[in-house]
There are 2 protein chains.
Amino acid sequence: MTQRATEPCPSSCYTPASVKSRCFNLCLLGFGNVNRALVELLCSKRAEMREHHGIDWRITGIASRRLGWLVKPDGFDAAALNIEGLAGEKVSAQAVENLAGWLNTAQPNVLFEATSLNVETGEPAISRIRAALNHGAHAITANKGPIVHAYRDLRDLAALLGRCFLFESTVMDGAPVFSLFRESLPAVNVSRITGILNSTTNIVLTGMEQGLGFEQSLRKAQDLGIAETDPSYDIDGWDATMKLTALVNVILDVPLRPQQVQREGIRALTGDKVRRARADGQPYKLVCRAERHGDEVHACVKPEQVPLTDPLGLVSGTSSIVRFETDVLPGFTLTEENPGVETTAYGMLSDFIHAAKVSDHWTSGTRS
Amino acid sequence: MTQRATEPCPSSCYTPASVKSRCFNLCLLGFGNVNRALVELLCSKRAEMREHHGIDWRITGIASRRLGWLVKPDGFDAAALNIEGLAGEKVSAQAVENLAGWLNTAQPNVLFEATSLNVETGEPAISRIRAALNHGAHAITANKGPIVHAYRDLRDLAALLGRCFLFESTVMDGAPVFSLFRESLPAVNVSRITGILNSTTNIVLTGMEQGLGFEQSLRKAQDLGIAETDPSYDIDGWDATMKLTALVNVILDVPLRPQQVQREGIRALTGDKVRRARADGQPYKLVCRAERHGDEVHACVKPEQVPLTDPLGLVSGTSSIVRFETDVLPGFTLTEENPGVETTAYGMLSDFIHAAKVSDHWTSGTRS
């Protein structure tokens, strides 16, 4: 584990008297939609983060399959990290061989991991997050794999090293779910979680309600770029299962594996059946359920008819919903409407601010 | 301001190796339903609070119009603070003259203020909270008066003194609203708040939908103990206005007074009108709205027809809902179903745990 003092950023000119700011080296692993949106959000929130949270930052590393392992110890020009400017930034960056070289040269205080999901094992994301934590960085991920396959390991490793392992963007985009339980709901016992967490199935079901067959509706969603070319991950309930598994592992603190979730997708539903259900005021939704029984959790993901008098029955499109039943709040429901990729990016940004706040408590007195 | 070291509780026998616990002196101002439910909840969560949060506590002061200013520096028998045991606890307690004597003798680390609301001025709760903060205690209130009339003053005083001023239970019972924004939604800009926050009007409107006239429905709610003998505070929209004002003051950080809220209650609605609206799928609800325009906020509370396809249209009974529109989360909605008085008590408990955590950071190294 490498310990580093955080140094003042060269660009940190704006420091109001009330809040002294610290500069964080940020490294981005994966440079698709999510981390690109994160860079945009970081730029647009820069002044606010300095002023209200005492946080400054520079991006010292970017890595992706396409770009390789890029480093600029003095910081990339964040405003140029778009499609037009990226080639230029690549030319002026240092390219290193591998993850170890990247961490050593880029010296991250925070790693943002947003590579694509490996449903079966969560790798190589898990090993990379472990390496970043061991290197002394906080690790923030938008990737469900590490939570589903290695939550406890990574949580305990981070705690041991005095670093944060955070993952707000893995479920319900960046809406606060995990941070809500971590920060705002202490000493609560959750007995049941119910949710609608996958947007592709929502959209396909809506298409079927409007008159399409399953295949037609799916093709339309694919044409619109909503469903993947291989749609089975969504349609067969894997995405919803991964999200439910993440909620159970973290919020119920019960180790559950996706294979233990009783899973049924929406392939068996016909257009007729879906339209009849809607006409009866009980539309089909792909519903996630987890219920605690003593130390065990029973979890399932399957199509269910939900009455339109239940907020779950109203959720459609890219919106999602989750209801928690607890000992002190009989029913507490979060609904997120029409999120965009900036919502996912926001989840990572809020994790970053939390990590900065926590490390501030650890190192108070050593601020620049 | 009196500074005190927190001493170990005599009863603090259970301290796992991982978490050292500190003992907090608690004082209860007002001893009605809310603070009684808080005592019950504190007792039932005692082991969990020790184990997971390193918090132990004893109740050293209780005050109400009926009981006077009671003190037991070594702690009341919390389990006996019910209707049967209260008389005995009163006999064995020390009775002091006034607030100053009470604070000096009971030496609170935390004040739980749950006296009845003064709509016009927020007094005497505001002065009492100020006195407790000046005395060195954290102040936690379930009373909307202090937030609506003195939020900034009390917030700034608490910050100056290094103490917490917390009020989760003032809106949506104890559901996390204020802590959500404080802890989980940093760097968010809220443009609009929409909510249904008053249960009496919900219940009266439901009665009218089911065939009653306004007066009949109100009388039924009064007979059930839901509506107050003087129902105007709820029926004329004052309660909803106070809650909306609290949300605007804290979450939008814009000073708004209840008088600035355009307010219309439900008295003008007839049974016929309410039933026709329901039959059209657009039931009447008492809707709260606040919208930011630059540095200003326009706020109103009035009956509106809300479609049943909107989650707001589904809210009835004692349930409540609030939707936030923000720059990064286009729509984020919290729904609380069927809260009880233990939900309100939970809001105060979660505030207490937060205050303990924060003061832990301030005094790290000095724990017992």
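What the table shows:
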read-out: Condition met for A:Gly145 (touching a helix residue (DSSP H, G or I) at 6+ places or on another chain (Cβ under 8 Å), outside any helix (DSSP H, G or I) and among the small types (Gly, Ala, Ser)); value: no
read-out: Residues of the range B:332-349 satisfying the condition of being part of a helix (DSSP H, G or I), open to solvent by 30 Å² or more (accessible area, probe 1.4 Å) and of a type outside the set (A, V, I, L, M, F, W, C); value: B:Glu342
read-out: Test result for B:His354, open to solvent by 10 Å² or more (accessible area, probe 1.4 Å) and in a helix (DSSP H, G or I); value: yes
read-out: Breaking point among (1) surrounded by 12 or more Cβ atoms within 10 Å (Cβ to Cβ); (2) at pLDDT 95 or above, for A:Glu97; value: (1)
read-out: From the options A:Ser179, A:Ser169, A:Ser184, residue that is crowded, with 18+ Cβ neighbours inside 10 Å and touching a Pro at 6+ places or on another chain (Cβ under 8 Å); value: A:Ser184
read-out: In the range B:191-235, the residues that are touching a residue at least 60 places away in the same chain (Cβ under 8 Å), open to solvent by 10 Å² or more (accessible area, probe 1.4 Å) and in a helix (DSSP H, G or I); value: B:Ser199, B:Ile203, B:Thr206, B:Glu209, B:Tyr233
read-out: Among (1) open to solvent by 60 Å² or more (accessible area, probe 1.4 Å); (2) modelled with pLDDT of 95 or more, the one test that B:Arg66 misses; value: (2)
read-out: Extreme residue, farthest from the other protein chains (Cβ to nearest Cβ), among residues of the range B:315-326 that are open to solvent by less than 10 Å² (accessible area, probe 1.4 Å) and of a type in the set (Val, Ile, Thr); value: B:Val322
read-out: Top-ranked residue in the range B:261-277 [being touching a strand residue (DSSP E or B) at 6+ places or on another chain (Cβ under 7 Å) and open to solvent by 30 Å² or more (accessible area, probe 1.4 Å); ranked as farthest from B:Asp153 (Cα to Cα)]; value: B:Glu264
read-out: Qualifying positions in the range B:22-67 - touching a Cys at 6+ places or on another chain (Cβ under 9 Å) and away from chain A (no Cβ under 14 Å); value: B:Arg22, B:Cys23, B:Phe24, B:Arg58, B:Ile59, B:Thr60, B:Gly61, B:Ile62, B:Ala63
read-out: Candidates B:Leu312, B:Leu329, filtered to the one that is within 11 Å of chain A (Cβ to nearest Cβ), open to solvent by less than 10 Å² (accessible area, probe 1.4 Å) and either touching a helix residue (DSSP H, G or I) at 6+ places or on another chain (Cβ under 7 Å) or at pLDDT below 95 (or both); value: B:Leu329
read-out: Output for the range A:132-161, where each listed residue is within 24 Å of A:Ala106 (Cβ to Cβ) and either touching a Phe, Trp or Tyr at 6+ places or on another chain (Cβ under 6 Å) or basic (Lys, Arg) (or both); value: A:Ala139, A:Ile140, A:Thr141, A:Leu154, A:Ala158
read-out: Residues that are of a type in the set (Ser, Thr, Tyr) and in contact with an Asp or Glu (Cβ under 8 Å, 6 or more places away or on another chain), drawn from the range A:209-248; value: A:Tyr233
read-out: Contacts under 8 angstrom Cβ, first residue in the range A:60-72 being free of Cβ contacts under 8 Å to residues at least 40 places away in the same chain, partner hydroxyl-bearing (Ser, Thr, Tyr) and open to solvent by less than 30 Å² (accessible area, probe 1.4 Å), 6 or more apart; value: A:Val71/A:Thr60; A:Lys72/A:Thr60
read-out: Unmet requirement for A:Val34, which otherwise passes all of (1) touching a helix residue (DSSP H, G or I) at 6+ places or on another chain (Cβ under 6 Å); (2) modelled with pLDDT of 95 or more; (3) loosely packed, with under 14 Cβ neighbours inside 10 Å; value: (3)
read-out: Residue within the range A:148-162 that is touching a residue at least 40 places away in the same chain (Cβ under 8 Å), open to solvent by 60 Å² or more (accessible area, probe 1.4 Å) and on the phi < 0 side of the Ramachandran plot present; value: yes
read-out: Boolean, A:Leu117 is assigned to a helix (DSSP H, G or I), under 30 Å from A:Trp238 (Cβ atoms) and touching a Lys or Arg at 6+ places or on another chain (Cβ under 8 Å); value: no
read-out: Unmet requirement for A:Ala139, which otherwise passes all of (1) out of contact with any Ser or Thr (no Cβ under 8 Å at 6 or more places or on another chain); (2) among the small types (Gly, Ala, Ser); (3) part of a helix (DSSP H, G or I); value: (3)
read-out: A:Leu160 vs. criteria within 14 Å of chain B (Cβ to nearest Cβ), over 22 Å from A:Glu304 (Cβ atoms) and out of contact with any Ser or Thr (no Cβ under 8 Å at 6 or more places or on another chain); value: yes
read-out: Criterion violated by B:Ala246 - all others in (1) outside any helix (DSSP H, G or I); (2) touching a Ser or Thr at 6+ places or on another chain (Cβ under 6 Å) satisfied; value: (1)
read-out: Criterion violated by B:Ala356 - all others in (1) modelled with pLDDT of 95 or more; (2) more than 10 Å from every other protein chain (Cβ to nearest Cβ) satisfied; value: (2)
read-out: Number of positions in the range B:310-326 that are free of Cβ contacts under 8 Å to residues at least 12 places away in the same chain and part of a loop (DSSP other than H, G, I, E, B); value: 1
read-out: Residues (free of Cβ contacts under 8 Å to residues at least 60 places away in the same chain and open to solvent by less than 50 Å² (accessible area, probe 1.4 Å)) located in the range B:278-302; value: B:Gly281, B:Val297, B:Ala299, B:Cys300
read-out: Unique match (being modelled with pLDDT under 95 and small (Gly, Ala, Ser)) among B:Gly365, B:Gly265; value: B:Gly365
read-out: Residue within the range B:287-304 that is facing chain A (nearest Cβ under 10 Å), within 28 Å of B:Val204 (Cβ to Cβ) and not aliphatic (A, V, I, L, M) present; value: no
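The values are calculated or read from the model by the stated rules, or taken from the named source; none is laboratory data. Since the structure is predicted, the reported quantities are computational estimates derived from the model, not experimental observations. Here the Cβ is made from the backbone with ideal geometry for all residues, glycine too, and neighbour counts use every protein chain on show. All accessible areas refer to the heavy atoms of the entire protein, side chains included, with ligands and DNA or RNA removed. Shrake-Rupley method; radii C 1.70, N 1.55, O 1.52, S 1.80 Å.
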